[in-house]
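J.: Quick one: the structure is below, and I'll ask about it shortly.
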Amino acid sequence: MASDLEEHLGRSSESPKKRVGKPRGNRWIIEWVVVLVVALGLAVGLRTFVIQTYSIPSVSMVPTLKVGDRILVDKLSYHMHAVHRGDVLVFATPPKEVPILMVKDLVKRVIGLPGETISSGPHGEVLINGKVIDQPWLTASARANPGPPIRTQTIAKDDVFMMGDNRGLSDDSRDYGPVPESLIVGRALFGFWPLSRIHLL
């Protein structure tokens with residue numbers, strides 16, 4: 001009887017160990033693969049729909065942005081509100097633009113909005129509906145060398161008039177016309193590289 005009880009207790013004391021067991025050798029590999037796949041999916045989703053980085057290809061936005069600067073672009077905000085004058089945008093190269101640099105996307109500043117009449121003043125000022133607009137982003141050099149004038153025109157619905165801050169050396173809507181909002185990739189939020197030039201846009 002005692003031996004039967006001892007044998008029963010012995011089996012009972014071993015059973016928890018048998019129930020717990022050791023994790024399978026490949027289980028941690030599977031868990032890490034799942035984590036990596038989820039992280040990759042989030043990264044691709046963010047890049048596709050929310051944020052993306054771009055490199056500046058030309059001098060058209062100097063000194064605000066220099067060649068080689070890298071910027072962070074918000075691709076989501078214009079799905080929630082309208083474009084504003086003064087915003088720096090990334091947009092797909094318009095069909096009428098001559099692809100000198102063979103770049104897919106361009107970076108310029110919004111100057112004219114849908115429905116507005118835009119033109120140039122006698123000294124290169126920008127007139128919206130006949131009134132000179134304030135452009136605090138322009139340097140004295142850009143004001144002194146405004147580049148070609150703006151042909152008087154009314155901006156169509158769903159288009160925006162884009163210009164570079166380096167007016168004398170910028171191919172922009174003066175050359176290829178207003179840009180359809182459908183070509184807008186997103187709004188440039190800030191420059192993050194090089195570190196010495198981190199700044200909001």
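J.: Give me, ordered by chain and number, the residues 5 or more places off residue 138 or on other chains with an amide H under 5 Å from its own placed amide H.
T.: none
J.: Given the options 145, 73, 178, identify the residue whose Cα lies farthest towards the positive end of the charge dipole of the range 53-200 (+1 on Cβ of Lys, Arg; -1 on Cβ of Asp, Glu).
T.: Ranked along the dipole, the leading option is 145.
J.: So how much slack lies between residue 141 and residue 30, counting 0.36 nm per residue of separation and subtracting their Cα-Cα distance, in nm?
T.: Full-extension gain reported as 33.9 nm.
J.: Of all trypsin sites (Lys or Arg not before Pro) in the range 116-201, which ones are in loop regions per DSSP and have a Cβ with at most 15 other Cβ atoms within 10 Å? List each step's numbers first, then the result.
T.: Numbers: sites: 131, 143, 151, 157, 167, 174, 187, 197; in loops: 151, 157.
The qualifying sites are 151, 157.
J.: Suppose each label sits 7 Å from its Cα in the direction of the beta carbon; what would the residue 80-residue 133 distance come out to in nanometres?
T.: Once both label points are built, they end up 2.4 nm from each other.
J.: Exceeding 24 Å between C-alpha atoms, which entries from my cross-link table qualify? They are 75/131; 66/104; 96/131.
T.: Listed pairs above 24 Å: 75/131; 96/131.
J.: Here is a further query. Suppose the chain between residue 190 and residue 169 were pulled fully straight at 0.36 nm per residue; how much longer would it get relative to their current alpha carbon spacing?
T.: Working it through step by step, the gained length comes to 5.3 nm.
J.: Across the range 89-97, in residue order, what do the Karplus-derived ³J(HN,Hα) couplings come to in whole Hz, using 6.51 cos²θ - 1.76 cosθ + 1.60 with θ = phi - 60° and x for Gly and Pro?
T.: After applying 6.51 cos²θ - 1.76 cosθ + 1.60, I find 10, 9, 9, 5, 4, x, x, 7, 6 Hz.
J.: Based only on Cα atoms, what mean projected area does the convex hull of the range 115-196 have, in nm²?
T.: Numbers: hull surface 26.0 nm².
The orientation-averaged projected area of the Cα hull of the range 115-196 comes to 6.5 nm².
Any read-out appearing in this document is the output of simple, stated calculations on the displayed coordinates, not a laboratory observation. From a predicted model like this one, the values you see are computed outputs, not experimental measurements. Positions of Cβ are backbone-derived with ideal geometry, glycine not excepted, and every protein chain shown enters the neighbour counts.
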